[in-house]
Amino acid sequence: MELPERYIEEKLGDHWQVEETEESFKRLMHHLEVKTNFKPYFEEAIDRLDLGSDKFKDGVIVADIGAGVCWTSAILANHPYVKHVYAVDPSEERLKHAKYVLKHFKVPEGKVTLIKGTFTEPKIPEKVNLLLLCGALHHCYDEDIPNLFSNIRSLLVKDGIVLIASEHYVTPLWLVTRFLSYVKNFRNRQEMGLSITNLRAPRSFCGEHWRIRKELLHIFNSQGFKSRLFIHNGDLCKDKPHLYQRVGWKYYYAFLDKV
C-alpha cells in the first residue's frame, strides 16, 4: 500500500512544531496534557506495563512504530529500565522536530535512534523487548496488517510484548452519527471519504480506520497474539470532544503477547 498523502510533505499543526524555543515545547505539552489526555493516558499504560518487573530485568529495548515527533519515545527513553529506543516514522517533517522534542525532554544523547520507516518497513536493526504503536494502528490499512504483524513477530524477543496505546474502537451507535454526517455532507462526500455502502471506509488522506472491538480482537488473535485490553475513562481529546466521539468511540490500550 502506498503511503497516505498526509505523511508526504506533511503540514503539521502548531503544537507539533517543536523547535529550540521553550515556547514551542510548552505548546506541545499544553496539547499533550491540557487539550488532550495523550500524555496521562500513555503514562497510565506504561505504569500498568511495569517495566521494572522481572520480565524486563535485563533492560528494555524499545521499537516505537509511528513515533511522530517522538514524545512517547522521549518518555520511554527517560525510564530507568529502558536501554534504547528506536523511533520509526514515515514523515520527514515529524522526525525533523523530533530531535528538539528529545532535547527538551532531556533525553541522554544517543539513547534514541530516529528512523524513517513504515509499518511494512520499520528498518529496526535488532530485536526488541517492547514494541509500541501509540495512536498508530488505526492508520494501518487492512491489507498491510499481516505485514505489520509479521514484522512485529520477527522483531520481538521470545517473551517480548506489544503495547497498543492511545487507540479507539467504535460502537454501533457511531454508525448512526456517521450516516448523519453522510447526509449533512452529501455534496462533499467523496472529498470527505464518506460512502453509504461502507460507512466505516478508511480515509484515503490519512489511512484512518474505524474498527469495532470484535475486529480488533480478531486481528490480534489471527496474527498470533493474545491480547489484554483496557478502557480509559473520559475522552482522549478532552478540550472539545465531538459528539460522535463521546457517544461512539471507546479509548483503550492493549498488551499483546505472542502465542
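Some observations on this one:
- Per the conditions (1) within 15 Å of the chain's Cα centre (by Cα); (2) in a loop (DSSP other than H, G, I, E, B); (3) modelled with pLDDT of 95 or more, the sole criterion not satisfied by residue 133 is (2).
- Each residue in segment 137-169 was checked for being open to solvent by 10 Å² or more (accessible area, probe 1.4 Å) and either at positive phi or in contact with a strand residue (DSSP E or B) (Cβ under 9 Å, 6 or more places away or on another chain) (or both), and 10 pass.
- Residue 119 falls short on exactly one of the conditions (1) surrounded by fewer than 20 Cβ atoms within 10 Å (Cβ to Cβ); (2) of a type in the set (Phe, Trp, Tyr); (3) in contact (Cβ under 8 Å) with a residue 40 or more places away in the chain; (4) in contact with a helix residue (DSSP H, G or I) (Cβ under 9 Å, 6 or more places away or on another chain), and that condition is (1).
- Listed by first and then second residue, the pairs with beta-carbon distance under 7 Å, at least 6 apart or on different chains, first residue in segment 46-65 and open to solvent by 30 Å² or more (accessible area, probe 1.4 Å) and outside any loop (DSSP other than H, G, I, E, B), second at pLDDT 90 or above and not hydrophobic (A, V, I, L, M, F, W, C), are 55/159.
- The one condition in (1) of a type in the set (Gly, Ala, Ser); (2) within 22 Å of residue 33 (Cβ to Cβ); (3) not in a helix (DSSP H, G or I) that residue 73 fails to fulfil: (3)
- Residues (within 20 Å of residue 68 (Cα to Cα), in contact (Cβ under 8 Å) with a residue 60 or more places away in the chain and polar (S, T, N, Q)) located in segment 141-171: 166
- Taking the criterion of being more than 14 Å from residue 216 (Cβ to Cβ) and not in a helix (DSSP H, G or I), the only residue of segment 136-148 that qualifies is 141.
- Some residue of segment 199-214 being of a type in the set (Lys, Arg), loosely packed, with under 14 Cβ neighbours inside 10 Å and either touching a Cys at 6+ places or on another chain (Cβ under 6 Å) or in a helix (DSSP H, G or I) (or both): yes
- Members of segment 170-185 found to be over 18 Å from the mean Cα position of the chain (by Cα), surrounded by 14 or more Cβ atoms within 10 Å (Cβ to Cβ) and either among the hydrophobic types (A, V, I, L, M, F, W, C) or at pLDDT 90 or above (or both), listed by number: 174, 175, 176
- Count of segment 53-72 residues which are closer than 20 Å to residue 17 by Cα and among the β-branched types (Val, Ile, Thr): 3
- Test: residue in segment 149-161 that is charged (D, E, K, R), part of a helix (DSSP H, G or I) and in contact with a Phe, Trp or Tyr (Cβ under 9 Å, 6 or more places away or on another chain): yes
- For segment 19-45, filtered to residues that are of a type in the set (S, T, N, Q) and surrounded by 14 or more Cβ atoms within 10 Å (Cβ to Cβ), the residue that is farthest from residue 229 (Cα to Cα) is 24.
Conditions (1) among the basic types (Lys, Arg); (2) at pLDDT below 95; (3) more than 22 Å from residue 151 (Cβ to Cβ), marked per residue:
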| site | (1), (2), (3) |
| --- | --- |
| 8 | no, yes, no |
| 23 | no, no, yes |
| 38 | no, no, yes |
| 59 | no, yes, yes |
| 65 | no, no, no |
| 91 | no, yes, no |
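The values are calculated or read from the model by the stated rules, or taken from the named source; none is laboratory data. All figures in this text were calculated on a predicted structure; none of them were measured in a lab. Using ideal geometry, Cβ is built from the backbone for each residue, glycine included, and neighbour counts are taken over all protein chains shown. The accessibility values were calculated without ligands, DNA or RNA, using every heavy atom of the protein model including side chains. Shrake-Rupley method; radii C 1.70, N 1.55, O 1.52, S 1.80 Å.
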